[in-house]
Amino acid sequence: MSESNAAPERPHAPRPKSEPRFPDGPSPDPAGSHFERRIRSFQPRRSRVTTSQADALQRLWPKWGLDIDGRRVLDLAEMFRTGQGERPVVLEIGFGMGEATAQMAADDPDTGILAVDVHTPGQGNLLGLAERNGLDNIRVANGDAVILLREMLPPASLDGLRVYFPDPWPKARHHKRRIIQPDFLDLVAPCLKPGALLHCATDWEPYAEQMLEVLTAHPAFENTQADGGYAPRPSFRPLTRFEGQGLDKGHVVNDLLFRRTPGQEG
């Protein structure tokens, strides 16, 4: 059957309420009540999981997935080890449906990507992409990135951090929910190795301005741009379909590339 004539995939069939959604997959609330409740910088999206996404979650989660429960410290070197030794590891916070993450993993197979999101269909989609494309350098983490950074990552364990197109929370009363804040950078800085790259991108210009102001003011980070401004989109960040549609409509996308400075505490 040709692609144009193929029937759309049906959503995963509903389950009885007494049964867990994915018995071998991501937990609906991995940290439970073990940590204090706080203002969350993400908004869980409720959408249907397709049959193929559900199948990937069931089969691949035990192999490539992990819940952010805050109860253990991760050994990233062991998690991403290959026959050739250790990989550098980059944390990506928020990956949507995972197409760009899979592309970056394919383009740089010697780097491990720890990809965090709470969107179950996206988790299943990324796991499926990893399997179909033979990408063993992706791990999918489910839950709150703040708990991951604060409780589960050793000091100086990350070679980079990527935050692409986070929720801009455009209303003034919601600005406190934006992820790029001084307190968040205080949490991030100890987890990054000296010289590690913090890369943000957004198509919401007021948020880009706030990001630039907050990052510039933080002593643990320095702008890679000599003029102290935004950076050109680096070749390793793919241009996504949705980003391309926005650019066609005249949206402006700003990239920010900051480096973790040596000898500075977060």
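Key figures
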{"item": "Estimated dipole of segment 75-232 in Debye, rounded to 20 [Cβ of Lys and Arg +1, of Asp and Glu -1, Cα centre]", "result": "400"}
{"item": "Förster radius 22 Å - calculated FRET efficiency between Thr51 and Asp29 (Cβ-Cβ, nearest 0.05)", "result": "0.35"}
{"item": "P(r) weight above 20 Å for segment 155-266, C-alpha pairs, percent", "result": "40"}
{"item": "Trypsin sites (Lys or Arg not before Pro) restricted to DSSP loop in segment 176-266 with at most 14 other C-beta within 10 Å", "result": "Lys249"}
{"item": "Residues in segment 237-266 reached by a label modelled at Lys193 [backbone nitrogen below 20 Å; 7 Å Cα→Cβ]", "result": "237, 257-266"}
{"item": "Normalised alpha carbon radius of gyration of segment 64-260 [divisor 2.2 N^0.38 Å]", "result": "0.99"}
{"item": "Förster-model FRET efficiency, 45 Å R0, Arg132 and His251, C-beta, rounded to 0.05", "result": "0.90"}
{"item": "Sparse-neighbour loop sites [trypsin sites (Lys or Arg not before Pro); segment 38-128; at most 11 other C-beta within 10 Å; DSSP]", "result": "Arg38, Arg46, Arg72"}
{"item": "Computed E for Lys63/Gln225 - FRET, C-beta separation, R0 30 angstrom, nearest 0.05", "result": "0.15"}
{"item": "Positive-end residue, segment 64-260 charge dipole about Cα centroid, Cβ charges, pick of Val118, Ala226, Ala172", "result": "Ala172"}
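Values quoted throughout were computed directly from the atomic coordinates according to the rules given, and no laboratory measurement underlies them. Quantities reported herein were computed from a predicted structural model and do not represent experimental measurements. Cβ: placed from backbone, ideal geometry, glycine included. Neighbour counts: every protein chain shown.
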